[in-house]
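Shown next, in structure tokens, is the structure this report addresses.
The values are calculated or read from the model by the stated rules, or taken from the named source; none is laboratory data. The structure displayed is predicted, hence computed values, not measured ones. Every residue, glycine among them, receives a Cβ derived from its backbone with ideal geometry; neighbour counts consider all protein chains shown.
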Amino acid sequence: MIDIQCLGSSSAGNAYRISDGHTAILLEAGFPYKSIQRALNFRMSDISGCLITHEHLDHSKAAPDIMRAGINIYTSAGTAAARGLSGHRLKVIKALEKFTIGTWTILPFDIQHDVEEPLGFLLANTAGDKLVFLTDTYYCRHRFSGLTHIMCECNYSLDIVNERVAAGHLHPAQKKRLLRSHFSLENVKEMLKVNDTRNVEEIWLLHLSDGNSDAERFKQEIQETTGALVRVADR
Amino acid sequence: MSTGNQVAIIQKDITDDVNRSLTRLQDDGLILPMNYNASNALKSAFFKLQEVQDKNGKPALEVCSRESVANALLDMVVQGLSPAKTQCYFIVYGSKLQLNRSYFGTQAVLKRLSNVKDIWANVIYKGDVFEYEVAGGREKLVKHETSFENRDNEILGVYAVVKSVDDEEILTVMTKKEVDASWSQSKTSQSVHKKFPQEMAKRTVINRAAKAYINTSDDSDLLVDAINRSTDNEYEERIDVTPEEVKAEIAEHANREVIDIVPEVTPPSSKQQTAPRTKQLVDDPYDFADDVPPLEQEMDF
């Protein structure tokens with residue numbers, strides 16, 4: 001059983017606390033440190049480590065302060081360089097090289113986003129939990145087995161985007177960047193179809209775009225595709 | 001009985017529409033194949049249409065607009081296609097009926113063009129010997145040797161040959177990668193492509209080969225427009241297509257290799273926890289310690 005707490009999931013900022021009851025981890029640090037502190041009731045010392053996918057500020061804003069607070073940051077060399085991170089609290093990780101934090105065994109993997117060296121994460125523990133964290137990517141090269149939890153970006157739907165371009169609310173250049181940076185509902189469904197979702201207890205849809213998504217419809221369609229419990233990370 | 005009557009009325013109305021349009025098109029210069037009987041084709045089409053359903057299982061004639069049915073049937077007749085020969089079939093998209101050609105149909109329409117005598121396609125399997133050359137700027141087949149055993153091997157590519165009325169043979173080759181990129185543009189989920197890859201690959205290369213001939217032929221624009229409309233029906237409309245390289249990249253790379261981890265066992269507990277037990281054991285000559293759970297640290301007075 002994994003406890004997932006969403007601190008925020010949008011272009012304004014992203015952060016999630018996950019815990020298996022023994023080891024709590026912060027996924028992303030996309031808010032000012034004080035905001036994260038407040039959201040976690042000032043119990044930052046409970047956090048055993050922080051994983052960061054890439055250098056955009058809505059994912060890495062608090063990284064320097066988190067390190068100063070004595071918590072290790074785990075991220076790629078590319079992300080660290082882009083954000084100017086260094087020091088003994090920085091733990092540089094690489095795609096497909098696993099490491100452990102407390103009870104968690106973690107495998108980073110490459111994802112597709114327009115940044116230096118973005119990563120997704122596969123986390124597992126001996127209790128049988130297995131969680132994949134996939135955000136800010138337009139597709140995933142990999143497949144996973146035996147997942148119990150999926151936290152996946154579901155940013156836009158192509159028909160909504162096309163509608164807005166036709167109506168002049170979205171510039172075609174923005175659409176083009178979107179197609180190469182973020183996960184569409186259609187691609188998420190395709191990914192879920194080819195992965196083994198029989199053991200999945202919970203699916204979190206992350207990073208829904210304000211204008212290009214429809215939370216209720218996305219939730220409905222993913223539930224139909226997988227039969228699993230689906231939550232939409234609002235805020 | 002009332003349902004049968006309704007279908008008959010619909011059939012008569014639409015058939016009349018199609019026949020009127022056809023007459024007008026023939027006045028404008030459209031020529032139908034010599035042995036083609038439009039009436040028979042329309043009757044056959046309605047027979048097929050009664051079996052066509054949308055994705056919710058509703059009959060096509062109930063959900064589709066009358067104009068889209070009439071237009072699909074007109075495209076069928078203009079191209080001289082016969083549903084009885086499985087040259088074409090009808091698919092419901094939302095509330096519209098669209099005509100799609102099978103590759104028999106594409107071969108049939110190509111043979112109607114005044115500059116084409118014949119067209120055929122073959123699949124290249126792993127283990128085949130396949131050689132072609134570029135002679136005078138055109139691709140030509142030199143050799144394709146295969147054996148029965150190779151038919152279950154991996155498909156490496158596919159080619160089509162068009163024989164012109166001058167008996168010149170022009171080759172069109174597609175690699176497996178090109179075929180896959182083409183399939184990713186398809187509106188369907190590609191389930192039929194996975195089941196019948198050889199036939200679908202032939203179909204793809206015939207459509208590719210046909211394009212050059214169709215759009216440069218001297219034949220009536222009415223015919224060429226109808227042919228191209230049916231080909232386009234298989235693909236998402238241009239405005240909805242994501243940039244081709246993105247779609248192709250995703251089709252090629254997404255959801256491929258399985259990665260997994262075996263969680264590592266938690267390291268043994270620290271020495272601090274061991275010490276209290278050791279101490280208890282020393283003071284516990286009768287070995288009662290196991291009967292009483294250790295006190296929580298918080299309760300240490």
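At-a-glance table
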item	result
Output for the stretch A:162-207, where each listed residue is among the polar types (S, T, N, Q), more than 11 Å from residue A:226 (Cα to Cα) and within 11 Å of chain B (Cβ to nearest Cβ)	A:162, A:181, A:184, A:187
Exclusive hit being modelled with pLDDT of 80 or more and over 26 Å from the mean Cα position of the chain (by Cα), set B:15, B:3	B:15
Residue within the stretch A:214-224 that is within 14 Å of another protein chain (Cβ to nearest Cβ) and either at pLDDT 95 or above or in contact with a strand residue (DSSP E or B) (Cβ under 8 Å, 6 or more places away or on another chain) (or both) present	no
Selection within the stretch B:100-151 - among the β-branched types (Val, Ile, Thr) and surrounded by 13 or more Cβ atoms within 10 Å (Cβ to Cβ)	B:106, B:109, B:116, B:119, B:123, B:124, B:146
Which listed residue is among the β-branched types (Val, Ile, Thr), over 30 Å from residue B:59 (Cβ atoms) and free of Cβ contacts under 8 Å to residues at least 12 places away in the same chain, from B:142, B:123	B:142
Residue A:123 being within 18 Å of residue A:197 (Cα to Cα), touching a residue at least 60 places away in the same chain (Cβ under 8 Å) and either more than 7 Å from every other protein chain (Cβ to nearest Cβ) or crowded, with 16+ Cβ neighbours inside 10 Å (or both)	yes
Hits in the stretch B:230-244 - residues which are more than 7 Å from chain A (Cβ to nearest Cβ) and either in a loop (DSSP other than H, G, I, E, B) or at pLDDT 80 or above (or both)	B:233, B:234, B:236, B:237, B:241
Filtered residues of the stretch B:25-38 (kept if assigned to a helix (DSSP H, G or I) and exposed (fewer than 11 other Cβ atoms within 10 Å of the Cβ))	B:27
Tabulated pairs, the stretch A:81-96, first within 14 Å of another protein chain (Cβ to nearest Cβ), second of a type in the set (Asp, Glu), C-beta under 9 angstrom, 6+ apart or interchain	A:94/A:117; A:95/A:110; A:95/A:117; A:96/A:110
Some residue of the stretch B:108-119 being among the β-branched types (Val, Ile, Thr) and free of Cβ contacts under 8 Å to residues at least 24 places away in the same chain	no
Close pairs from the stretch B:245-262: first more than 9 Å from every other protein chain (Cβ to nearest Cβ), partner aliphatic (A, V, I, L, M), Cβ under 6 Å, at least 6 apart	B:248/B:181
Hey, residue B:21 surrounded by fewer than 17 Cβ atoms within 10 Å (Cβ to Cβ), in contact with a Leu (Cβ under 6 Å, 6 or more places away or on another chain) and either of a type in the set (Gly, Ala, Ser) or not assigned by the TED database to the domain that holds residue B:206 (or both) or not	yes
Sole exception among (1) modelled with pLDDT under 95; (2) closer than 30 Å to residue A:47 by Cβ; (3) surrounded by fewer than 19 Cβ atoms within 10 Å (Cβ to Cβ) for residue A:92, by number	(1)
Test result for residue A:157, more than 14 Å from every other protein chain (Cβ to nearest Cβ), surrounded by 18 or more Cβ atoms within 10 Å (Cβ to Cβ) and on the phi < 0 side of the Ramachandran plot	no
Positions within the stretch A:123-161 being within 26 Å of residue A:23 (Cα to Cα) and assigned to a loop (DSSP other than H, G, I, E, B), in sequence order	A:125, A:126, A:127, A:128, A:129, A:135, A:136, A:144, A:145, A:146, A:147, A:148
Filter pass, residue A:130 being touching a Phe, Trp or Tyr at 6+ places or on another chain (Cβ under 8 Å), among the basic types (Lys, Arg) and buried (at least 22 other Cβ atoms within 10 Å of the Cβ)	yes
Residue within the stretch A:102-115 that is in contact with a Phe, Trp or Tyr (Cβ under 7 Å, 6 or more places away or on another chain) and either surrounded by fewer than 17 Cβ atoms within 10 Å (Cβ to Cβ) or more than 12 Å from chain B (Cβ to nearest Cβ) (or both) present	no
Matching residues, the stretch B:47-98, being touching a residue at least 60 places away in the same chain (Cβ under 8 Å) and either assigned to a loop (DSSP other than H, G, I, E, B) or not assigned by the TED database to the domain that holds residue B:13 (or both)	B:79
Residue within the stretch A:58-80 that is in contact (Cβ under 8 Å) with a residue 40 or more places away in the chain, touching a Cys at 6+ places or on another chain (Cβ under 8 Å) and either more than 27 Å from residue B:259 (Cα to Cα) or charged (D, E, K, R) (or both) present	yes
